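Reviewing the structure listed below.
The values are calculated or read from the model by the stated rules, or taken from the named source; none is laboratory data. Bear in mind that the values here come from a model prediction, so they are computed numbers and not experimental data. All Cβ positions, glycine included, derive from the backbone under ideal geometry; neighbour counts span all protein chains shown.
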Amino acid sequence: MAGRCKRDRGKERFWRHTFRQWRRSGLSVREYCAEHELAEALFYAWRRVIAERDQESAQVAAARRVRCEKSAGKDAPTFVPLRVIDASSPAAFEVVLERGRVVRVLRGFDADTLRQLLALLEEERSC
């Protein structure tokens, strides 16, 4: 954040606390400032600063979530529904994939599930 002053965390805490107290008080800004000997202009200025900081933080957090979701989408495994079948029954056929993986397909297999599984196994990972 070039060109901005260094944040004073103590002042920010003070004003956040002040705004919480003001909201709970039910008083107008003018009444609250008069009662607590605060300058109205300072109150409004800090309220704007805090709102901008909160908005900026929310945007940064949203951008992080999007990046995480995108990267998780790339790296996260995709699962296809499978049914466990008695392993002692003989396979109808075997599919040997490029990277040496072997898929044994039993009689009565579901073609759509097999297509999904083969596509997933053949997918290139760019890590």
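Taken across region 64-82, residues that are exposed (fewer than 10 other Cβ atoms within 10 Å of the Cβ), part of a helix (DSSP H, G or I) and at pLDDT 80 or above do not occur at all. Out of curiosity, is GLN21 modelled with pLDDT of 80 or more, closer than 30 Å to LYS6 by Cβ and either among the aliphatic types (A, V, I, L, M) or exposed (fewer than 11 other Cβ atoms within 10 Å of the Cβ) (or both)? Taking the combined requirement at face value, the residue does not satisfy it. In region 5-27, the residues that are of a type in the set (S, T, N, Q) form Cβ pairs under 7 Å with partners that are surrounded by 11 or more Cβ atoms within 10 Å (Cβ to Cβ) and in a helix (DSSP H, G or I), at six or more places apart or across chains, as follows: SER25/TYR32.
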